[in-house]
Amino acid sequence: MARVYFVDDKNAQIPIPDGFQVQDNSNGDIPVLPLRDQFFLGWTDNYSLLFNGTFVIRLSNQRQWEIQGPPQTQVLTTEN
């Protein structure tokens, strides 16, 4: 299980920006509903992250996730 959430410049979690959505591509592009301003994702599925309907990042399951996005995309990952 992983979670996607947003932070401000002080690394404090902030509300999901308006227009941002996550789709589960493994099950017919089903919207993933947020819970407490974060999205929870299962490791067995593939996801697309969209902003105002425009593709931002794809998470592809390969026994681990490969994160893909345009060159200007900034992604911070942590492992626990």
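The values are calculated or read from the model by the stated rules, or taken from the named source; none is laboratory data. Note that this is a predicted model, so its numbers are computed, not measured. Methodologically, a virtual Cβ is constructed for each residue, glycine included, from the backbone with ideal geometry; neighbour enumeration extends over all protein chains shown.
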Problem set entry | Matching residues, the stretch 1-32, being of a type in the set (Gly, Ala, Ser) and either more than 13 Å from residue 59 (Cα to Cα) or at pLDDT 90 or above (or both) | 12, 19, 26, 28
For this session: Keeping to the stretch 4-49, report how many residues are surrounded by 12 or more Cβ atoms within 10 Å (Cβ to Cβ) and closer than 19 Å to residue 67 by Cα.
Result: 21
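In the stretch 2-19, how many residues are closer than 13 Å to residue 47 by Cα and without any contact (Cβ under 8 Å) to a residue 60 or more places away in the chain? Let's see the steps before the verdict.
First, pick out the residues of the stretch 2-19 that are closer than 13 Å to residue 47 by Cα: 2-4.
With the extra rule that they be without any contact (Cβ under 8 Å) to a residue 60 or more places away in the chain, the set shrinks to 3-4.
Adding up the residues that qualify gives 2.
How many residues, within the stretch 14-63, are touching a strand residue (DSSP E or B) at 6+ places or on another chain (Cβ under 7 Å) and at positive phi? Even if it seems obvious, please write down each step before you answer.
Just the residues of the stretch 14-63 that are touching a strand residue (DSSP E or B) at 6+ places or on another chain (Cβ under 7 Å), to begin with: 14, 16-17, 19-25, 29-32, 37-41, 43-51, 55-60.
Of the ones still in play, those that are also at positive phi are 19, 29, 37.
Residues meeting the conditions: 3.
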Exercise. Here are some residues: 35, 59, 76, 50. Which one is within 18 Å of residue 14 (Cα to Cα) and at pLDDT below 95?
Worked result: 76
